[in-house]
1. What helices in the chain pass both tests, a Cα length along the helix axis of 18 Å or more and a mean Kyte hydropathy of -1.0 or higher, using whole DSSP H runs?
2. Taking 0.36 nm per residue of sequence separation and subtracting the Cα-Cα distance, how much length would be gained by fully extending the chain between D108 and C121, in nm to one decimal?
3. Rank these by accessible area, largest first, 1.4 Å probe: L104, L118.
4. How big is the accessible area of T83 in square angstrom, nearest 10, if you roll a 1.4 angstrom probe over the protein chains?
5. Once you've got the GNM for the chain with C-alpha springs shorter than 10 Å, pick whichever of E31, E48, E93 has the biggest mean-square fluctuation.
6. Identify which of the listed values of log10 I(q)/I(0) by the Debye sum over Cα atoms at q = 0.12, 0.15, 0.22 Å⁻¹ was calculated from the structure shown: (1) -0.46, -0.72, -1.47; (2) -0.66, -0.88, -1.41; (3) -0.56, -0.81, -1.49.
7. Anyone know which of K17, K115, K66 comes out most mobile in the 10 Å Cα GNM of the chain?
8. Using a 10 angstrom cutoff on alpha carbons, build the Gaussian network for the chain and name the most mobile of A13, A42, A78.
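The values are calculated or read from the model by the stated rules, or taken from the named source; none is laboratory data. Computed from a predicted model, the values in this text were never measured in an experiment. Surface areas here come from the heavy atoms of the whole protein model, side chains and all, with no ligands, DNA or RNA. Shrake-Rupley method; radii C 1.70, N 1.55, O 1.52, S 1.80 Å.
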Amino acid sequence: MPRSKRDRRVTLAKAGKHVLTRDVKSRIVDEIRGAVDRYGNAYVLEIENSRNELLNNARSVFKDSKFYFGRNQICKVALGVDTSSEYADGISEIGKHLSGQTCLLFTDRDFEKVKSDLQSCETTTFARSGFVSSEEVVIEKV
């Protein structure tokens, strides 16, 4: 049978594919290098439960600092892959720890202050699928 002219698949989505162009990547590299120059300390944070509310809480505590999430390879290039290409002395060592759910934190605070501020941001949340239980609960039959 011939195909019906009315039976056509129409895409309703207008959004295009999100692609990082070379210009966008170079802008991110410039931003990270600017943060290296501006701030005294850089830390790599591993994010275990990246819920929006918790991240916004951390951002509000660190208003004088800068977080960079995602695109670990771009962050590594910005910091330097090895000692010959590193942007500042010894900063290429940070790139070795950027893998998985990690982010860069640039700040002028010392380590103890950052550690205590991050611990104040910690809250208990409901478990999601894949979480390991932190407590053991036993329900006995009566």
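1. Qualifying helices, which must be both long enough and hydrophobic enough, are 22-38.
2. 2.8 nm
3. Numbers: L104 0, L118 50 Å².
Descending accessible area places them as L118, L104.
4. For T83, the solvent-accessible surface is approximately 110 Å².
5. Looking only at E31, E48, E93, the biggest GNM fluctuation is shown by E48.
6. Identified label for the calculated read-out: (2).
7. Residue with maximal mean-square fluctuation among K17, K115, K66: K17.
8. Result: A13 has the largest fluctuation of those listed.
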